[in-house]
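I have placed the structure first, in the form of structure tokens, so that the comments after it can refer back to it.
None of the figures in this text is laboratory data; all of them are computed from the coordinates on show. Note that the structure is a prediction, hence the values are computed from the model and not measured.
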Amino acid sequence: MDNGNTGAGGRDKKGLVALTLAGLVAGMVGLSFAAVPLYRMFCQATGYGGVPQVADVAPDTVLDRTIKVRFDTNVDRDLPWQFSAEQRAVDVRIGESALVFFKAHNNTDEAVSGTAGFNVSPEIAGRYFTKIECFCFKQQTLAAGQSVEMPVTFFVDPKFADDESTKNIEEITLSYTFYRSDDPSDVATAPGDRASGS
């Protein structure tokens with residue numbers, strides 16, 4: 001019976017197993033933190049989950065077919081703002097660039113920051129709804145009682161008209177929800193030349 005060697009070898013194996021499990025747990029924790037940004041990048045790249053695409057310019061092709069784009073605005077109860085679209089809906093030709101404005105107002109007597117999330121419905125339209133300029137995912141800081149107009153420039157990709165699953169869609173809804181955001185990183189205040197105090 002070899003008590004000394006077996007005991008030491010058993011401890012070494014247990015230590016290796018414990019170290020491997022600790023590494024696995026650390027890796028899983030790291031992946032859980034990376035999952036949200038990775039999922040966001042995947043959705044932005046594919047339009048999955050109704051997430052619009054992003055482009056620098058509108059396409060050269062503009063179709064005769066028009067589509068109605070409705071705007072839905074929401075504010076989380078922790079953010080003391082009013083937020084609305086200046087137009088409830090617009091009719092745009094597919095491929096045509098459209099510019100719309102949203103208005104936010106800080107109802108408090110102190111500066112408050114918020115960040116907007118968004119989606120498009122029906123979900124399938126997200127892969128064709130493309131933003132050129134948007135305030136979403138950028139922290140907006142409004143001074144006490146301040147009101148600002150925030151522009152959104154977008155177009156519906158002409159490929160929308162060729163997709164069998166979108167041929168019968170006549171309306172798209174772009175929905176925004178503003179959440180309180182006290183993280184000072186990535187602060188992008190709304191355009192100052194369009195801001196007005198109230």
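With the cut-off at 23 Å, tell me which of the pairs Lys103/Lys138; Lys103/Lys167; Lys131/Lys167; Lys68/Lys138 have Cα atoms farther apart than that.
Details: Lys103/Lys138 15 Å; Lys103/Lys167 32 Å; Lys131/Lys167 21 Å; Lys68/Lys138 26 Å.
Over 23 Å apart, Cα to Cα: Lys103/Lys167; Lys68/Lys138.
Normalising the average separation of contacting C-alpha pairs (under 8 angstrom, six or more residues apart) by the number of residues puts the relative contact order of the stretch 124-168 at 51 percent.
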